[in-house]
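Following: one structure in structure tokens, then a few remarks.
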Amino acid sequence: MIYSVRMKRISFPTGTFEVNSTIIYNDGDAYVVDPGADAPYIAAQIRKEGASLKAILLTHAHFDHIGGVEGLLNEFPGAIVYLGEKDFPVVTHPFNQLPPDYPPCKMFPNVLPATEAPLVETISTPGHTPGGVCYFIRNFDPISSTPHLLLSGDTLFFGSVGRTDLPGGDMATLSRSLEKLKLLPADTLVIPGHGPETTIAREIQSNPFLS
């Protein structure tokens with residue numbers, strides 16, 4: 001588990017596919033990004049901080065990133081879900097189901113476009129899915145060597161990028177999305193959808209997809 005000093009941040013893997021789920025705490029509110037699974041554990045972490053879940057921010061709608069949404073909404077029924085509008089149809093698409101490891105995917109109540117998400121700057125980054133987004137928080141931890149935070153979902157990984165061979169994926173579109181991320185501050189800390197953390201500077205220097 002990794003914490004930050006200003007707005008508190010805790011990131012941990014969830015589910016069979018080990019999605020990096022993140023909770024951000026800010027003034028008693030909790031924001032969960034990509035709750036792939038393990039909703040009871042995530043809810044316990046929120047309550048341990050004395051916080052209330054304000055919003056669930058989804059980088060995209062693949063089952064391994066949304067499997068914990070229903071459980072969290074049962075625990076915190078007032079929370080709003082944010083998702084890229086072009087990914088709304090992905091939620092219930094037949095290919096987006098993997099029982100019994102993940103519950104059947106159904107559309108969420110209280111869902112709004114990702115562009116309306118609070119606390120973050122939403123960057124449209126289609127390519128892995130039609131409605132994929134990244135969430136950027138500028139000056140998340142200004143006293144550290146990585147003051148900005150990017151929750152990149154499956155758009156950008158350490159040394160790689162998300163696959164584009166699933167329905168709705170497109171490599172040319174993803175490449176254009178990556179160009180947007182290259183414009184972010186070099187010292188931005190990147191929390192990808194899977195795998196180790198990285199920085200924009202490191203990926204520009206060594207990721208062949210950003211060269």
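None of the figures in this text is laboratory data; all of them are computed from the coordinates on show. It should be emphasised that the depicted structure is a prediction, and the values quoted were computed from it without experimental measurement. Cβ sites come from the backbone with ideal geometry, for glycine too, and all protein chains shown count toward neighbours.
Miscellaneous remarks
- Given (1) surrounded by fewer than 21 Cβ atoms within 10 Å (Cβ to Cβ); (2) out of contact with any Phe, Trp or Tyr (no Cβ under 6 Å at 6 or more places or on another chain); (3) on the phi < 0 side of the Ramachandran plot; (4) not polar (S, T, N, Q), index of the condition A51 fails: (2)
- Restricted to strands (runs of 3 or more DSSP E) entirely inside the range 126-211, those with at least 1 residues that are of a type in the set (F, W, Y) are 133-137.
- R138 vs. criteria more than 18 Å from the chain's Cα centre (by Cα) and basic (K, R): no
- Selection from the range 76-103 of residues that are of a type in the set (D, E, K, R) and either within 21 Å of V19 (Cα to Cα) or crowded, with 17+ Cβ neighbours inside 10 Å (or both): K86, D87, D101
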